[in-house]
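Each remark here refers to the structure printed beneath this line.
The values are calculated or read from the model by the stated rules, or taken from the named source; none is laboratory data. Every value quoted in this text rests on a predicted model; they were computed, and no experiment measured them. Because the Cβ atoms are built from the backbone with ideal geometry, glycine has one as well, and the counts that use them run over all protein chains shown.
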Amino acid sequence: MRPVGSIFTLKTSIEDLERELVPSFDLVLDSWVSDVRRTSFADPEYVAEVTYVTAPLKAFIERVVERLDTLGLVGGPLERSFGFGKTHALIVLWHLFTSNMHRRLGIRIPERVLRETLVLAFDYSSTRVKPFVRVVEELMKYADLQHPIAQMKDPMLIRAINEVLRRYGEQRLYTLSGREVAELIAEILEKYRELGGTSRLLLLVDELGYGLASRAREFVERASKGDAEADKVYIEANEVINFLSYLYANLHNRYVCAVIVWAMAEQDRKEIVTLGLKHQDEPRIYNKVNGLIRDLDLIAERYSRGLAGTSLVELAYSSEHALEIARYRVLKLLKGVNLDEVREEYVTWLSAIAKQLNLEDLVLRYRGELKSYYPFSIGLIHLLKKLINPRDVPGTEFVRTVILIAAKAANNALRRYPDSYCIGVEHLTVGDTALTSLLGAYREDWDQTVRDIEDAIKKIEQESIRLVAEFIAKYLLAKGVTASPTVLLLESTDRRDIERYGTSLEELQVELLQIYREDIAIKYIELLSEALEKLRAGSARIDEREVDGRRLYIPTILKTLYDRLSAFISEEKKKVENPVHIPLYIRESRTIPSLFSNLAVEVKGCEKGIDIVFASYNEVRELDSMVSKIRESQNRGSLALLVVHPWDAELFNEMYLRQRSYNEVVNEVTGILQRGVSNGSIRRPLHVAVLLPNLSSYVLKEVINELTEYEGTKRFCDYLLKEEKVLEERVEEFESIVTKRGYLTLQDVTIRQKHLQELRRKLMRDIEEARSIALKQIIRLSRELVKDILGLYSKVIYFSSDKHSFTAIDISGYDIGSADTQIYAQAELSQYASMVNKYFKDIINILAFSTDVMRIVNSILDFYKRAFESGQLKEIESLELSIDDVVENVIQGTYGVKPLCQNVANLAVGLLNNQTIDLVDKVVRFTVDRRGGKVILEVKRKVVEPAVIVAAKEEVGLGLEERVQPPAEVYVEDITLEVLPEVKPEVQLDPLEDLRKRLVALFDVVSGENSSIDSLEVKFNSNNLALTALLRKPKPETLNDSLVRGVVNLLIRIALRLRSPVSISIHLVSPVRENKIKEVLAGYYKPKRSSFDKYLE
């Protein structure tokens, strides 16, 4: 679909349009008599360009033309409200009979009527030229043979005007009274008839009501003060009315075709009547003011006698006409564009995309309007139609208001968003969609509603949701704002009313499709429900109604239940207005503290090897206090995670109030820890880590905002449990507003009771819905709170093996714990303890602690291998080490791996038994003597033989995830291992060497379980090749035999090259505990599954 900017452009600037929406007939006439253009409306071509000839306007013009071709005198008032196009219609009539504009507009006017009609006019709002002087000026122009009008009109008419004017003389003409001007006009028409012409007169009077009202007001003010000049003002006002009466008296019995039209706004009539009522106690003033209106109405009756009960000057616009005028007045098709083709293309495109989203029924319902009023969207069509209805918008100026709002939307769309497919309410401000200034007695109520909605939008932090919420607000206000008391106060149950003012999610979806590119529209459609929920809860000004199972949303001046939610949240926020109270608020709310209760970080192999130690900031910054906190963990060889609570008052004062930076605080504590290493008070630095929360104001404010919303929402849920109290409060508010507006009196008992019963039923439904939405909000806030609280700990202080000192690492860039919030649906933060545990576990992983005992075994073997190869242990034949020393070295990270706890270190040292280091000229065997507390290294020289297979230099790991540990009491007798073809030797540890070491360790584990290996079989089977190697009653020495190693290595390497798995089956003499097997074999181990396991996946 082509964007609207490639179809239309603005016909004129919005600034010029705003000026021209209140055209001045006086300036048109002044331009005509002075030959100096003072307004664009003085140009017939321009007027033709901006005039959309609707059916009512065309009918009005045709009636005037018909009467100008019919003998007789008719006329009357063109009385409509502001903005109905009265002045524009008179300007069109003026140009039709003083130029050739009728050809441009396609209006048929007989040539004789056009040439023979004398057109005169004046604007009674003018203060520059008196009305009768204006008429004389126009006649003088008719008499000027150089003026274009003299060339257009019948020469006999021009002659008649000249002859009559010469008899009067120029000086006298400009002093004629109303009666004399009426006689002058009658003489000219009679003279024209005598010369052989058909006398025709069209007299147009604009702003008669305004002129009378302004003079009546001046008269009242002067008369009230006893000013002698008051009567002069009244005479001036009365003179124009008398002129109309005199003109009728002079023409009604003559052979003449005459039409007299005067424009009068309904508001001007009301003003004159109101002026009289204000002075009822002053009969002289009251009678004179009311006399003006009564006299004018009587004159109108006289002029209407020849119309047989019909009206000459009916000019009524429907909403459809108003939209057509607005589009024509504001937009201009670009050159070469066929509007009919574009409309068809637009409707076809929208129907197709709506079908994909199951919205085709809605598009089909509006298909006619979408096509007729393109490029206006459905939302804008609803708004513009509403503006033509004074029941909804009492202050509307009808067509003028419709044009102005359409122009604002079009100007914004074409200048700022030319890629939009349509012009819609999205291109207006929230204020322009509500138009509260036009809502009469309900303006104040709607102003507050709009403010509440705008405040709710501002509080939405996520930009995309905020944009969607603003879009929703505009659409809801555009369609739902009304001054109808039935809808506003009595919650109309009329289906037509609900559908007329209510908005469905489907309507919002279609509006988005009309405005935005498809990908953006779909993105926003996905956010509609969440944005609407936030808008409803935040503003308490959007009601929900139901029709045939469809939910419709209507803005309301009656606060919804959610105003209590806003009040509770506001009260909570007031508690922390003074920052000093924030730590106490966090602690006493018990919400965040509950997150840190019942913590138990467990890692397989170190179930009791991690201690979460809570400490105050003062304890952390004092070395002796900190050492005291971690002493027990240090003695047990456990990792101590020192955590400072986010409500720590001293840390809050330091960072939030004194504005000390997070980095400064972290560096200070890092230095204290390093001092503990230097003086020996921290013996095992690898197993100490500190987590400090960032309590800087820019970080903590977000958490506090979420916490206050959470606490306020919880209070709201408690409030909803008291249903009777809720009902009582809502009913009281309803009655107060109804009484205030005077819509129902206390005597309307039956009607009142009926509406109260309906209100109670509706409130019960609202309570259930509010409870559901509040619970959803609590769950959402709890997730955000957990995520943001843990996010406060953006740095962890730990001992770096590389730097041999304490340092801090920024963990904010790591994805730890965040994904898990989505799987939780808990309202209480204490129920997120497992997530906090996982968060700390992820931190442990970041710090590269290991529980893989075979990795530690390999690191020890590699350490001593390098020592022998480098010559440090070159000449020794045997070496005895204390087990305790080896374990301590493991804990201290001497071998290049950080064990998570002492238990892992002990296990790893125990698995050194029977392990060997294969060097070029010797083999080093490890023996672990637990009774003697020793680790013995025995060196045996060997004769170097060519290796069957050269092991790869690069180390490779298998990348296999450990399976979930089954219950500890499970025993196995048959063990299956699997080497997968996905192994990449160039990246990870050498799988063959790694597997050999694990198998050697397996012998020790099986022996410790009072069993032994009966057989070990290596199998490989592909499409074209099958190989098997069987070892009977193997021992650790068997795996070190060069021939055995060569055969097994060859088989496995062939399998890996052919990308086929290798299985190793081990049969034990007697069963052993499965968890012991898994500790050694890790990812190689493939546990057997029961036949029912597949149903549990």
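Structural remarks
- When restricted to residues that are surrounded by 19 or more Cβ atoms within 10 Å (Cβ to Cβ), within 20 Å of A322 (Cα to Cα) and not β-branched (V, I, T), the range 42-56 contains 1.
- Selection of the range 1-22 for residues being in contact with a Ser or Thr (Cβ under 9 Å, 6 or more places away or on another chain) and either of a type in the set (D, E) or at pLDDT 90 or above (or both) yields P3, V4, G5, D16, E20.
- From the list A409, A478, A441, A469, the one residue that fits, being in contact (Cβ under 8 Å) with a residue 12 or more places away in the chain, within 15 Å of the chain's Cα centre (by Cα) and not in a loop (DSSP other than H, G, I, E, B), is A469.
- Among the candidates I405, I388, I378, I423, residue that is touching a strand residue (DSSP E or B) at 6+ places or on another chain (Cβ under 7 Å) and either of a type outside the set (G, A, S) or assigned by TED's automatic domain parsing to the domain that holds R80 (or both): I423
- A single member of L157, L165 is assigned to a helix (DSSP H, G or I) and buried (at least 21 other Cβ atoms within 10 Å of the Cβ), and it is L157.
- Residue list for the range 195-228, filter: out of contact with any strand residue (DSSP E or B) (no Cβ under 8 Å at 6 or more places or on another chain), of a type in the set (D, E, K, R) and assigned to a loop (DSSP other than H, G, I, E, B): K225, D227
- Residues of the range 865-889 that are under 13 Å from V909 (Cβ atoms) and in a helix (DSSP H, G or I): I883, D884, D885, V886, V887, E888, N889.
- Filtered residue count, the range 1030-1062, keeping only those that are touching a Ser or Thr at 6+ places or on another chain (Cβ under 9 Å), part of a strand (DSSP E or B) and among the aliphatic types (A, V, I, L, M): 2
- Contact map, the range 637-663: first residue closer than 30 Å to N906 by Cα and touching a residue at least 40 places away in the same chain (Cβ under 8 Å), second residue among the hydroxyl-bearing types (S, T, Y) and buried (at least 16 other Cβ atoms within 10 Å of the Cβ), Cβ cut-off under 8 Å, separation 6 or more or different chains; pairs are L639/S633; A640/S633; V643/Y793.
- So I554, is it among the hydrophobic types (A, V, I, L, M, F, W, C) and closer than 25 Å to I778 by Cβ: no
- For the range 248-257, the count of residues that are touching a residue at least 12 places away in the same chain (Cβ under 8 Å), in a helix (DSSP H, G or I) and under 60 Å from the mean Cα position of the chain (by Cα) is zero.
Results for (1) crowded, with 24+ Cβ neighbours inside 10 Å; (2) polar (S, T, N, Q); (3) on the phi > 0 side of the Ramachandran plot, shown as yes or no for each residue.
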residue	(1), (2), (3)
K386	no, no, no
P390	no, no, no
T401	no, yes, no
T429	no, yes, no
G440	no, no, yes
S464	no, yes, no
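- Number of positions in the range 823-864 that are of a type in the set (D, E, K, R) and outside any helix (DSSP H, G or I): 2
- Residues (assigned to a strand (DSSP E or B) and of a type outside the set (K, R)) located in the range 327-375: L331, L333
- The combined condition, being closer than 19 Å to L561 by Cα, surrounded by 19 or more Cβ atoms within 10 Å (Cβ to Cβ) and over 23 Å from the mean Cα position of the chain (by Cα), is not fulfilled by D543.
- Qualifying residues in the range 866-882 (those that are touching a strand residue (DSSP E or B) at 6+ places or on another chain (Cβ under 6 Å) and surrounded by 14 or more Cβ atoms within 10 Å (Cβ to Cβ)) - the one farthest from R684 (Cα to Cα): L879
- Top-ranked residue in the range 1044-1067 [being surrounded by fewer than 20 Cβ atoms within 10 Å (Cβ to Cβ) and in contact with an Asp or Glu (Cβ under 9 Å, 6 or more places away or on another chain); ranked as nearest to E978 (Cα to Cα)]: S1063
- L999 vs. criteria more than 22 Å from L919 (Cβ to Cβ), modelled with pLDDT of 80 or more and of a type outside the set (S, T, Y): no
- In summary, P583 fulfils each of the numbered conditions (1) outside the structural domain of R443 (by TED's automatic domain parsing); (2) within 22 Å of T449 (Cα to Cα); (3) surrounded by 20 or more Cβ atoms within 10 Å (Cβ to Cβ) with the single exception of condition (2).
- Applying the criterion of being assigned to a helix (DSSP H, G or I) and of a type outside the set (G, A, S) to the residues of the range 896-927, the residue that is surrounded by the most Cβ atoms within 10 Å (Cβ to Cβ) is V904.
- Residue check, L17 within 43 Å of the chain's Cα centre (by Cα) and not in a loop (DSSP other than H, G, I, E, B): yes
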